[in-house]
1. In this structure, is residue 105 surrounded by 15 or more Cβ atoms within 10 Å (Cβ to Cβ), at pLDDT 95 or above, within 25 Å of residue 48 (Cβ to Cβ) and not β-branched (Val, Ile, Thr)?
2. May I ask you to list pairs of residues, at least six apart or on different chains, whose Cβ atoms are under 6 Å apart, with the first in the stretch 180-204 being surrounded by 21 or more Cβ atoms within 10 Å (Cβ to Cβ) and the second being β-branched (Val, Ile, Thr) and assigned to a helix (DSSP H, G or I)?
3. Being farther than 30 Å from residue 63 by Cβ and hydrophobic (A, V, I, L, M, F, W, C) is the filter here; which residues of the stretch 263-290 pass it?
4. Condition test on residue 203, is it modelled with pLDDT of 95 or more and in a helix (DSSP H, G or I)?
5. Looking at this structure, is residue 267 touching a Phe, Trp or Tyr at 6+ places or on another chain (Cβ under 6 Å) and either surrounded by fewer than 21 Cβ atoms within 10 Å (Cβ to Cβ) or modelled with pLDDT of 95 or more (or both)?
6. Hey, does the stretch 156-164 have a residue that's more than 24 Å from residue 135 (Cα to Cα) and crowded, with 20+ Cβ neighbours inside 10 Å?
7. Give the stretch 265-294 a look and list any residue that's of a type in the set (Asp, Glu) and under 18 Å from residue 251 (Cβ atoms), or say none.
8. Find the residue count for the stretch 220-248, including only residues that are among the hydroxyl-bearing types (Ser, Thr, Tyr), crowded, with 23+ Cβ neighbours inside 10 Å and more than 12 Å from residue 196 (Cβ to Cβ).
Amino acid sequence: MKLFSKCIKMDPYDGRAWLATAKMYERAKNYNAAREWLDKGLMHSPSNPFLLQSLGVLQERTGDLVAARETYLKATKIDPEHAPSWVSLGKLEERQKRQERARECYRSATVGDERNYYAWQCWGVLEARLGNVDEARRLFQICSSVNSQNAAVWQAWGVMESRLRNFDTAVACFKRGLEVSPRNTFVLQAWAVLEWKRDDLVRANDLFERAITIRPSDGGVYQAYAMLLRDRKLYSSARAMLKRGTEACRSHVALWQAWALMEAELGNVKQAREIFQQGIWDSGGSEKAHMIWQAWGLLEAKCGDMALARRYLRQA
């Protein structure tokens, strides 16, 4: 912090120190302080697209989507070649179901900076989600050419091919991703899901366990594995995996929610309530805790206790 302050005193018109300080506060979830530092930076350097893009991200994170969109647009008008602003705007447009606008944003990002591999990746993921497979492959190929060390594009490409049941092609993508990033748990998890689809449960288990060994506190891996077990009606195994996950990552809201919902589906309402309650306690005031309150409220509504349901839904 002292070093950043020193940099600002040396040159308050250089946005980098303002940005770094704001990012530090944002990582600590002190959004008000982050906003103050960004505003101060923009007072000295109002045409800095990096500061504007960061402000837009902060506004989006705190729920002010209208302001975020305006900020991103301002950044792109100031610097039409600033790819990060175009990408952030594109992701916001996707979030609001404006797919064509998102596509144009990603296209503008790649025009502004054809070496921005993340822009190519986001565009490819969009086309894959919309079912434009050939276009997605073209974009993933460009992305991998720009940066062959980007494991995320190999994972995204592999997931698309897996959904199309092009399993051999998907495995080739996952292997390529692990070549460049051997400890990438997202790639391992995606590959495990593929092997599960192919009924190679031994291989799937090995891949999931490998991911857990690498990142034992990654709640998403436990959840993905547990949901696959649940879908096969292997409820005891799914329950054991969810329990293991919540013990390893007690603040992972989605794990608690998934476990409680499974118990509710099985008719174990008392146990579901206990799990919801434990999830609330252990989430430590997480901004995602509303997921538990909402699911719990819907359960109580289903059970006929509308007063309690309304109380919990208000918490959400």
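The values are calculated or read from the model by the stated rules, or taken from the named source; none is laboratory data. From a predicted model like this one, the values you see are computed outputs, not experimental measurements. Here the Cβ is made from the backbone with ideal geometry for all residues, glycine too, and neighbour counts use every protein chain on show.
1. Answer is yes for this residue.
2. Filtered contacts from the stretch 180-204: 189/221; 190/159.
3. Filtering the stretch 263-290 for residues farther than 30 Å from residue 63 by Cβ gives 263, 265-271, 274.
Result: 266, 269.
4. Details: modelled with pLDDT of 95 or more: yes; in a helix (DSSP H, G or I): yes.
So residue 203 passes the test.
5. No; evaluated as a whole, the condition is false for this residue.
6. Just the residues of the stretch 156-164 that are more than 24 Å from residue 135 (Cα to Cα), to begin with: none.
Checking the stretch 156-164: not a single residue is more than 24 Å from residue 135 (Cα to Cα) and crowded, with 20+ Cβ neighbours inside 10 Å.
7. Residues satisfying the conditions are 274, 282, 287.
8. Of the residues in the stretch 220-248, 1 are among the hydroxyl-bearing types (Ser, Thr, Tyr), crowded, with 23+ Cβ neighbours inside 10 Å and more than 12 Å from residue 196 (Cβ to Cβ).
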